[in-house]
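A short write-up of the structure that comes next.
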Amino acid sequence: MKALRVVFAASTALCAATAAQATDLEVTHWWTSGGEAAAVAEFAKAFDATGNKWVDGAIAGSGGTARPIMISRITGGDPMAATQFNHGRQAEELVEAGLMRDLTDIAEEGKWKEIVFPSSLLDSCTLDGRIYCVPVNIHSPQWLWLNNSAFEDNGLAVPTNWDEFVAAAPKLQEAGIVPLAMGQQPWQTTLAFQTLLTALAGPETYTKVFGDKDAELAAGPELTKVFQAAATARDLAKDSNVQAWNDATNLVITGKAGGQIMGDWAQGEFQVAEQVAGKDYTCLPGLGVNEVIQTGGDAFYFPKVDDEAITKAQGELAKVMISPETQVAFNLKKGSLPVRGDVDLSAANDCMRKGLDILAKGNIIPGTDQLMSADSNQQVNDLFVEFFNNPEMSAEDAQAQFASIISSAD
Ligand code: GAL
């Protein structure tokens, strides 16, 4: 009997100890589409396996909707335990204000400086030599997604570049198919423009305009070509009539639209729809013109909280997110590339392989969030959502306004 009591006492103590370690962490993000939710589930599963609990704080809408909510909670003294931001400067004022947890010890223990590739991802987390976020993926906006049968069923070859796509558009329209699907959220219209810029004027021009803030170049003939292409894209997208990016992707998946300029997170939607890259759909990095990828994507930040258990669990979450197995499980579902090169991606599909090959060649450019402040990016977003929604706005007028924004951008 005594032995039984000893066993019971020991197991109770163990349960109590385990229970004491188990901490709920509220994690905010804006991943609410089918593909995004499937990817978030991989993070939650991996974190729950540590004995803690992922409390999902999904915020519907786009990043542009979610980030002000995240920022006001952190500055308002009601912080979540962890939150998504894009790679770059979106959280720099929160870090400068001392509101975000320094992860440098964890980064050094995990040798992040050795494993994260490209290192610019970690640079975007670093301020005054200290590291404040864990990068979790690489997402690039530079893609054109095509529904193969929308072209083949109408006697068209699947386009291999932007010009072929534009040339095929009239036949698609005759068949009642919207050539270009585009949601009308501001970041989507800017994404379309900056992807056209990188493809048609080249990555160097992109980096000079968004990185060096070269207003003369922004006002010049190089960009005039891009604004004319943007006006063409506006015309091809005029019958999209959707708001959310994944609703536009769904138009392509269901064959109601021929293509969409969108980041590689669109892959998650094709996967949820059980469509096969290379068979059902085609992806053209750099619109099939300039094969580069942007090192955009996502990182998680951890607001400082005066709670030892939460602080400990925050560190455990950061380690889980960058671990090799979680990097594979999450990125395969998300359609993004991992932030470390030492992982097995044999399960990667045709499109992910294209991205990995471009990354391996070093054909990478920084994301606009890494090059410009959140405020300057917002001004650009406001311009392009107006341009793509207002056919009365001429390409010339839009270019003049863009050059003016770039001249005062930071
Ligand atoms: C981006 C983010 C991606 C993707 C997209 C659409 O900012 O980096 O992960 O989900 O928003 O929500």
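The values are calculated or read from the model by the stated rules, or taken from the named source; none is laboratory data. Predicted model only: the values in this text are computed from it and were never measured. Ideal geometry is used to build each Cβ from the backbone, glycine not excepted, and the neighbour counts take in all protein chains shown. Heads up: the accessible areas ignore ligands, DNA and RNA and are worked out on the full protein's heavy atoms, side chains in. Shrake-Rupley method; radii C 1.70, N 1.55, O 1.52, S 1.80 Å.
Could you tell me whether segment 319-330 includes any residue that is within 21 Å of MET262 (Cβ to Cβ), more than 16 Å from the ligand (Cβ to nearest atom), basic (Lys, Arg) and in the same structural domain as ASP102 (by TED's automatic domain parsing)?
No, every residue in segment 319-330 fails to be within 21 Å of MET262 (Cβ to Cβ), more than 16 Å from the ligand (Cβ to nearest atom), basic (Lys, Arg) and in the same structural domain as ASP102 (by TED's automatic domain parsing).
Taking into account only those residues within segment 307-339 that are over 20 Å from GLY57 (Cα atoms) and among the acidic types (Asp, Glu), which is most open to solvent (accessible area, probe 1.4 Å)?
Top of the filtered list is GLU308.
With (1) open to solvent by 40 Å² or more (accessible area, probe 1.4 Å); (2) in contact with a helix residue (DSSP H, G or I) (Cβ under 8 Å, 6 or more places away or on another chain); (3) of a type outside the set (A, V, I, L, M, F, W, C); (4) over 16 Å from PHE43 (Cα atoms) as the list, and GLU274 as the residue in question, which single condition is left unmet?
(2)
Of (1) more than 23 Å from the chain's Cα centre (by Cα); (2) closer than 30 Å to ALA60 by Cα; (3) surrounded by fewer than 18 Cβ atoms within 10 Å (Cβ to Cβ); (4) aliphatic (A, V, I, L, M), ILE177 satisfies all except one. Which?
(3)
Among the residues that make up segment 276-296, is at least one of them touching a residue at least 24 places away in the same chain (Cβ under 8 Å), touching a Lys or Arg at 6+ places or on another chain (Cβ under 6 Å) and more than 17 Å from TRP143 (Cα to Cα)?
Within segment 276-296 (the criterion being touching a residue at least 24 places away in the same chain (Cβ under 8 Å), touching a Lys or Arg at 6+ places or on another chain (Cβ under 6 Å) and more than 17 Å from TRP143 (Cα to Cα)), the answer is no, since none of the residues qualifies.
Those residues that are within 16 Å of the ligand (Cβ to nearest atom) and crowded, with 20+ Cβ neighbours inside 10 Å, I need them from segment 233-249; list them, please.
VAL242, TRP245, ASN246, ALA248, THR249
Can you pull out every residue in segment 46-91 that is out of contact with any strand residue (DSSP E or B) (no Cβ under 7 Å at 6 or more places or on another chain), more than 11 Å from the ligand (Cβ to nearest atom) and not basic (Lys, Arg)?
Hits for segment 46-91 are ALA46, ALA49, THR50, GLY51, PRO68, ILE69, ILE71, SER72, THR75, GLY76, GLY77, ASP78.
So for segment 29-43 (the condition being open to solvent by 50 Å² or more (accessible area, probe 1.4 Å), modelled with pLDDT under 95 and within 16 Å of the ligand (Cβ to nearest atom)), does at least one residue qualify?
Within segment 29-43 (the criterion being open to solvent by 50 Å² or more (accessible area, probe 1.4 Å), modelled with pLDDT under 95 and within 16 Å of the ligand (Cβ to nearest atom)), the answer is no, since none of the residues qualifies.
Among the residues of segment 93-114, are any at pLDDT 95 or above and within 16 Å of the ligand (Cβ to nearest atom)?
There is no residue in segment 93-114 that is at pLDDT 95 or above and within 16 Å of the ligand (Cβ to nearest atom).
Among the numbered criteria (1) touching a helix residue (DSSP H, G or I) at 6+ places or on another chain (Cβ under 9 Å); (2) open to solvent by 10 Å² or more (accessible area, probe 1.4 Å), which single criterion is violated by ILE131?
ILE131 satisfies every listed condition except (2).
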